Amino acid sequence: WKNREHALKNIQDQLDSNDVQIVLDLLKKNTMMSNLVFTFQQNINVAFEIKKAQEFNMLLKDFPINLLISANDFKSTHKALKDIFDHFKTLKSSNSYPIKRIYELLEAFSKDVSKRILKILEEFELMTMDNRQFEVIKEECFTILNDFDQNLKKLLEQFGARHPRRNERRAIPQKIDMEHNNIQNRMKEIANQRAENEKLLEIVSSVFSSQDDTEPRNREAIKDIKDAYTVFLSINVLDLSIDGNKKWNSAKKEYNIKIDRIEEEITNQMRDKLASAKSTNEMFRTFSKFNALFSRPRIRGAIQEYQTQILSSIKKDIKSFRERFLIKYNTSEVCRMYKVRNFPSLSGMLTWYNQLERKLNKYCKRLQDVLGSEWEKHVAGRQLKQQIDPISKHLTDIKEAQYNNWTKDMNDLKLFVDQDLQIFKIATKSDGSLKLEVNFSDKGLCLLREKNNLKALGHKLPYSLIMKTQEIQLCYSKYISLVDNLATFHQVSSKISPEMAILLAAKRKSIHSNLRSGDKVTWKDERNLESYCHKIASQVQDLEEAVHLVEKQLEKKNEFLSQISTCEYNSEAFKKKLDEIQSIADEFIFNDFSNIGKWVSNLNQEIEKILIQRAEETITEWVNEFENFGEVPKKLIIQTIYHEIKMRDQQIIIDPSVPEIRAFWYKQLNGIVSVICSQKQVESKKYDNRRSKKALTNEESQEMVTYKSALRGINKDLMLKANSIIEKAIKDASSYVSISGCQALWNVDFDLLYEKLEGNISKWNLILTGLHQLIKRNFDSSETI
């Protein structure tokens with residue numbers, strides 16, 4: 001255009017010269033030549049052409065092509081592209097610029113863009129670089145090329161609109177050769193080739209990873225895939241010439257041949273796995289593992305016989321599912337289980353239907369595993385889909401209908417808060433007895449329980465129900481508190497034994513009184529309801545702690561009573577156990593339990609019975625040991641007494657005397673009884689201090705604090721038996737030591753005896769026989785006292 005302008009100016013200068021002007025003037029004077037001069041001036045129209053050339057030069061002189069030529073990365077290339085298309089807008093406003101030249105300019109621009117992008121791409125190893133980096137480069141490249149296409153499309157539409165006439169449109173080329181499209185196509189091919197190879201390598205690696213890595217065919221299959229891919233590394237993948245396209249297509253063909261051999265190996269392994277499968281589930285796992293390869297015709301054809309086998313199993317499962325589907329939720333086993341677990345009815349129903357849908361989806365997934373991702377286009381898959389779709393639609397319709405009916409029912413719910421209902425009601429049990437229950441709306445509870453479950457199931461409650469749940473929620477915490485505390489109270493009360501009831505009577509009475517006052521409290525009375533619930537909770541908690549404490553202490557008490565029944569029979573052993581029991585009573589007094597005096601009185605009676613039993617057992621054992629002295633081991637009669645027969649002042653005496661013997665044995669017997677009678681009773685000081693001790697005699701005082709009264713409880717026959725054996729022993733001892741008759745032998749006058757008896761042998765024999773019997777009766781005895 002610059003050369004054209006310069007040439008036109010030279011022509012204009014020549015036309016303006018004197019020589020040419022004289023010639024033209026002469027020709028104009030000639031009538032025959034004047035038309036020729038006029039035609040000549042009209043045809044060349046030099047001034048118009050100069051103006052046109054100057055206008056085009058003004059349009060093209062600032063064309064920013066240098067920005068594109070100097071760009072060295074995608075970012076600067078993209079910016080140059082934007083600036084160039086902005087400059088094209090100025091050409092669009094010029095009606096005089098030839099439309100054909102604009103299209104030629106766009107083709108030249110496309111070539112320059114292609115050269116610049118290829119130069120940038122050649123800096124990268126497109127076939128071996130990391131996938132993430134490749135995706136970044138691909139996206140940047142496609143962004144530039146897509147922007148080019150979009151801007152080009154808009155520009156061409158605008159140029160076409162500028163030349164609406166048919167003859168002007170004829171100047172517009174029918175086809176524009178844009179070289180950048182070749183780059184875009186090649187980049188797509190490279191991306192597809194990389195993805196295909198990567199996917200195949202990943203699938204083969206995952207299949208063989210579960211097998212023995214030392215098996216040669218596993219290593220070779222993975223290695224062969226990598227080797228097949230190397231054919232692309234020996235060519236320039238960005239060579240878009242005819243020769244470059246031939247090399248690219250040849251490399252793809254060679255790659256596919258190698259992959260076919262690998263697929264054949266994989267197919268053989270897959271058939272081996274399917275043939276050795278021991279169950280249908282194992283076959284499904286095999287199909288699922290190789291599923292991605294089903295798009296390849298070789299593998300798909302090789303497993304067709306196994307597909308037929310497994311499809312028959314899926315058909316049976318779907319048939320069984322249809323029979324199960326006919327069972328209604330309310331009669332199902334799942335419904336009964338949910339009721340036992342107190343699961344909300346609507347949520348349970350929707351959950352059940354969701355499980356059925358998941359089962360259907362599982363069958364679809366199995367079909368996809370067996371037939372591939374396009375299983376719906378398969379003949380068998382299409383038939384099964386025709387069976388599955390109606391069931392799936394019916395499930396969806398049922399869920400929607402149930403949910404809509406429930407929401408309508410809940411919308412009709414009148415809030416019990418507005419009805420001023422009492423918080424308690426009296427219910428009748430199955431056995432006819434009455435029971436106190438919290439008076440809360442069942443539908444309100446249902447709404448609250450359904451809320452979170454429905455949200456988890458993907459259902460959004462209507463706004464009206466959300467507002468109702470918020471109002472019910474205000475009282476729900478108090479409802480839960482009352483229900484829990486009532487349940488806790490009943491549970492704790494069931495643990496209270498008659499003995500515990502004595503100590504806990506005041507606390508239970510307080511709770512009963514507070515529960516009776518609940519008939520005046522309503523759900524609407526928020527202030528009183530809050531304090532009432534807090535009071536009930538506090539009292540129940542106090543009772544629960546008290547029951548736990550009493551239960552624990554009574555267990556200890558019973559253990560100590562058991563130890564009293566088995567410990568050694570002595571004052572120290574009994575005192576130690578009774579002190580422990582006294583500490584338990586003190587603990588009850590400290591915690592201000594009720595009826596301590598009555599409980600302690602009952603406890604002392606129980607202890608007294610045990611002590612009496614221990615005393616009777618000990619006395620019985622003592623009597624047995626006394627009667628069989630020397631024949632049984634000594635346990636109770638440790639201390640014995642020895643008597644000496646002495647001659648003092650010509651008198652035969654026994655030391656110690658018989659009265660001393662009686663006192664000794666009665667002291668031992670009384671010692672057994674005094675062990676229990678001397679023990680101090682368990683006291684309830686909180687109550688005893690209120691009594692006037694001045695009115696009590698010493699005997700009453702002593703009997704009040706010790707177990708002296710236990711003496712009256714000991715078996716009288718046993719005591720009489722003990723006394724009788726002592727008296728018998730004393731009597732025997734008295735006979736044994738009664739030697740007063742023998743004392744006369746020391747005082748006899750032998751001369752007088754000789755005189756009276758003289759020589760009568762029979763009289764002497766009679767006297768000697770009497771002495772012999774006396775000695776034998778009094779001295780020849782094995783008893784020792």
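Since every read-out is calculated from the coordinates, none of them should be taken as a lab result. In this text the structure is predicted, and so the values were computed from the model without any measurement. Cβ atoms come from the backbone with ideal geometry, glycine included; neighbour counts cover every protein chain shown.
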Under the Karplus curve 6.51 cos²θ - 1.76 cosθ + 1.60, θ = phi - 60°, whole-Hz ³J(HN,Hα) for the range 235-240, x wherever Gly or Pro sits: 10, 8, 6, 9, 7, 9
Label model pair Leu36, Gln383: point-to-point distance (7 angstrom along the Cα→beta-carbon line) in nm is 9.5 nm
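Given N residues in the range 283-412, what is its alpha carbon radius of gyration divided by 2.2 N^0.38 Å?
After normalising by residue count via 2.2 N^0.38 Å, the value is 1.32.
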Karplus ³J(HN,Hα) for the range 524-539 (6.51 cos²θ - 1.76 cosθ + 1.60, θ = phi - 60°; Hz, whole; x = Gly/Pro) runs 6, 7, 5, 5, 5, 5, 4, 5, 5, 4, 5, 5, 4, 4, 5, 5
Nearest 20 debye, what's the magnitude of the dipole of the range 510-583 about its Cα centre given +1 on Lys and Arg Cβ and -1 on Asp and Glu Cβ? 220 debye
At what distance in nm do the modelled label points of Asn181 and Asn624 sit from each other, each positioned 7 Å from its Cα along Cα→Cβ? 12.3 nm
Determine the gain in length on full extension of the stretch Asn765-Lys89; use 0.36 nm per residue of separation and subtract their C-alpha separation, reporting nm with one decimal. 225.5 nm
Which listed pairs, of Lys2/Lys82; Lys315/Lys365; Lys316/Lys393; Lys138/Lys252, have C-alpha distances above 18 Å, in listed order: Lys2/Lys82; Lys316/Lys393; Lys138/Lys252
Least to most buried among Leu274, Leu326, by other C-beta atoms within 10 Å and fewest first, runs Leu326, Leu274
Between the range 385-403 and the range 444-516, how many Å separate their Cα centres? 39 Å
P(r) histogram, all alpha-carbon pairs of the range 241-289 included - 5 Å bins from 0, percent: 5, 19, 16, 12, 11, 9, 9, 7, 6, 4, 2, 0
Over 26 Å (Cα to Cα) among Lys289/Lys362; Lys319/Lys399; Lys9/Lys89; Lys52/Lys75 -> Lys9/Lys89; Lys52/Lys75
Multiply the residue gap between Asp260 and His78 by 0.36 nm, knock off their C-alpha separation, and tell me the result in nm, one decimal place. 61.4 nm
Between Val334 and Ile426, what is the FRET efficiency for a Förster distance of 30 Å, r being their Cβ-Cβ separation, to the nearest 0.05? 0.30
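At a Förster radius of 56 Å, what calculated FRET efficiency corresponds to the Cβ-Cβ distance of Asp243 and Glu220, to the nearest 0.05?
About 0.95, to the nearest 0.05.
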Qualifying aspartates and glutamates (Cα of each under 15 Å from Cα of Lys111; at least 8 residues distant if same chain): Asp149, Asp177, Glu179, Asp239
In whole Hz, with x marking every Gly and Pro, tabulate ³J(HN,Hα) for the range 379-392 from phi via Karplus 6.51 cos²θ - 1.76 cosθ + 1.60, θ = phi - 60°. 4, 5, x, 5, 5, 5, 5, 5, 7, 6, 4, x, 5, 4
So how do Ser433, Ser345 line up by other beta-carbon neighbours within 10 Å, fewest first? Ser433, Ser345
If I model a spin label at Phe142 and Thr396 as a point 7 Å from the Cα along the Cα→Cβ vector, what separation in nanometres do I get? 3.1 nm
Would you work out which of Thr230, Ile262, Ile242 lies farthest towards the positive end of the dipole of the range 179-276? Charges go on Cβ: Lys and Arg +1, Asp and Glu -1. Ile242
Taking Cys141, Cys567 and counting other beta carbon atoms within 10 angstrom, the fewest-first order is Cys567, Cys141
Note the full-extension length gain between Lys552 and Thr640 as 0.36 nm times their separation in residues minus their Cα-Cα distance, in nm to one decimal. 27.0 nm
Suppose R0 equals 30 Å; then what is the FRET efficiency for Asp542 and Ser709 from their Cβ-Cβ distance, rounded to the nearest 0.05? 0.20
